[in-house]
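*Asks:* Quick one: this structure, given as structure tokens, is what I'll be asking you about.
The values are calculated or read from the model by the stated rules, or taken from the named source; none is laboratory data. Since the structure is predicted, the reported quantities are computational estimates derived from the model, not experimental observations. A quick note on method: Cβ atoms are made from the backbone with ideal geometry, for glycine too, and the neighbour counts reach across all protein chains shown.
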Amino acid sequence: MQTPYDTTLCLEELRDALALHGITLPSLRTPPTGQIALGNCNPATARELAAALRKAAEG
């Protein structure tokens, strides 16, 4: 079972990984549910995220 601390660490790992690709999700947060909320992003950020995922999948 994840602790709130584990969830916070995971959030920071995700934020750091996104930053390596120049992607910022300002609404990235950990609500009281214990999950990580990715929040909303504009279409340009969504395209950047999709491109980074495609590039990673290609190896």
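Yes/no matrix, rows are residues, columns are (1) surrounded by fewer than 14 Cβ atoms within 10 Å (Cβ to Cβ); (2) modelled with pLDDT of 90 or more; (3) assigned to a loop (DSSP other than H, G, I, E, B):
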| position | (1), (2), (3) |
| --- | --- |
| Asp16 | yes, yes, no |
| Ile23 | no, yes, yes |
| Ser27 | yes, yes, yes |
| Pro32 | yes, no, yes |
| Gln35 | yes, yes, yes |
| Ala50 | yes, yes, no |
| Arg54 | yes, yes, no |
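*Asks:* If you don't mind, there's one more thing I want to ask. Which of the residues that make up the stretch 1-37 are among the aliphatic types (A, V, I, L, M), closer than 18 Å to Glu48 by Cβ and in contact with a Ser or Thr (Cβ under 8 Å, 6 or more places away or on another chain)? Lay out the reasoning, then the answer.
*Replies:* At the first step, the residues of the stretch 1-37 found to be among the aliphatic types (A, V, I, L, M) are 1, 9, 11, 14, 17-20, 23, 25, 28, 36-37.
Next, only the ones that are closer than 18 Å to Glu48 by Cβ stay: 14, 17-20, 23, 25, 28.
Passing the criteria: Leu18, Ile23, Leu25.
*Asks:* Then there's this: Hey, among the residues in the stretch 37-48 that are in contact (Cβ under 8 Å) with a residue 12 or more places away in the chain and surrounded by 13 or more Cβ atoms within 10 Å (Cβ to Cβ), which one's nearest to Leu9 (Cα to Cα)?
*Replies:* Narrowing the stretch 37-48 to residues in contact (Cβ under 8 Å) with a residue 12 or more places away in the chain: 38-41, 45, 48.
Keeping just the survivors that are surrounded by 13 or more Cβ atoms within 10 Å (Cβ to Cβ) gives 38, 41, 45, 48.
Details: Leu38: 15, Cys41: 22, Thr45: 23, Glu48: 23 Å.
Across the stretch 37-48, the extreme among qualifying residues is Leu38.
*Asks:* Let me ask something additional. May I ask you to list the residues in the stretch 1-14 that are among the hydrophobic types (A, V, I, L, M, F, W, C) and modelled with pLDDT of 90 or more? Before you say what the answer is, go through the steps one by one.
*Replies:* Keep residues of the stretch 1-14 that are among the hydrophobic types (A, V, I, L, M, F, W, C), which gives 1, 9-11, 14.
Selection gives Leu9, Cys10, Leu11, Leu14.
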